[in-house]
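Below is one structure; the comments refer to it alone.
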Amino acid sequence: MLEAMAQVRAAAPISTLVNTHANGDHCYGNQLVSGADIVASTATAREMGEVTPAMLAGLNAAPGEIGELFRGFFGAFDFSGIELTRPTRTFDGRLELDVGGRTVALIEVGPAHTRGDTLVHVPEARTVYTGDILFIGGTPVVWAGPLSNWIAACDLMLGMDIATVVPGHGPVTDKRGVAAVRDYLAYIDAEATARFRAGIRAWDAARDIALGEFAELRERGRIAVNVEAVYRALDPAHRSPSIVELFQRMAALERPGA
Ligand SMILES: [Zn+2]
């Protein structure tokens, strides 16, 4: 892949790169465009060093059950040779860039999926690049939350004059894709809140909520993480379990027949 990317760069040099958030599948290519301006929100830049390629490689290579668990999620990724390359420019809230004569607006909408999610809006092209604020065909995963921020980000896009929506995962879509993600989040928020109020523990709530029309989405086990985000928003004292426990819960929910 590195070689192919070098050929692409030679043919069409990249001068400006935006990291929409800190997950590796959205910033581990930074070293390939090290001559470019790399722009991210301050919160994203800060979060970027917390999970390193070496840590992920270590989890994939771990012996026993833990290695097996993580290879189930990340086994397809090769983390070797990746040098964490930091943004060269950070912003808070909103930043307008001129890229090749076109206005490109960066709009920080996190914390939501992560702590610093950014939408990239190109008004002249009536296009928005959403990063992982949209998963199309897969289940959104709310690592940071609150869900209300993410729902507000969807509402912001639904109010834009846009025809083309490029998600972080899945096929290019339009406002229908935005509405579908909003519907999922609003449903989980309502269902998890009702169970919180009834005194049900988060993990029991995640197993109890009927996914209905959302059962067809891939990675449905992410509801375990999403219910945790709802509980944290409702009770600042709520402590979510470790990342290993969260991945164990997701795996349990996605086991065939679960
Ligand atoms: Zn992603």
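The values are calculated or read from the model by the stated rules, or taken from the named source; none is laboratory data. This one's a predicted model, so the numbers in the text were calculated from it and none came from an experiment. Here the Cβ is made from the backbone with ideal geometry for all residues, glycine too, and neighbour counts use every protein chain on show. The accessibility values were calculated without ligands, DNA or RNA, using every heavy atom of the protein model including side chains. Shrake-Rupley method; radii C 1.70, N 1.55, O 1.52, S 1.80 Å.
Within the range 91-131, which residues are farther than 20 Å from residue 14 by Cβ, more than 16 Å from the ligand (Cβ to nearest atom) and either without any contact (Cβ under 8 Å) to a residue 12 or more places away in the chain or among the aliphatic types (A, V, I, L, M) (or both)? Correct list: 107 only. Of all the listed residues (222, 218, 239, 232), the sole one being modelled with pLDDT of 95 or more, of a type outside the set (Gly, Ala, Ser), under 18 Å from residue 140 (Cβ atoms) and open to solvent by 50 Å² or more (accessible area, probe 1.4 Å) is 232.
Look at (1) within 16 Å of the ligand (Cβ to nearest atom); (2) in contact (Cβ under 8 Å) with a residue 12 or more places away in the chain and you find that residue 172 fails only one, number (2). Taken over the range 22-66, the criterion of being open to solvent by less than 70 Å² (accessible area, probe 1.4 Å), touching a strand residue (DSSP E or B) at 6+ places or on another chain (Cβ under 7 Å) and not polar (S, T, N, Q) is satisfied by 33, 36, 38, 39, 40, 45. Cβ-Cβ under 8 Å, sequence separation 6+ or interchain: first residue in the range 196-210 and among the hydrophobic types (A, V, I, L, M, F, W, C), partner surrounded by 19 or more Cβ atoms within 10 Å (Cβ to Cβ) and not in a helix (DSSP H, G or I). Which pairs? No pair meets every condition.
Whether a residue is outside any strand (DSSP E or B), within 16 Å of the ligand (Cβ to nearest atom) and surrounded by fewer than 14 Cβ atoms within 10 Å (Cβ to Cβ) was assessed, and residue 4 does not pass this test.
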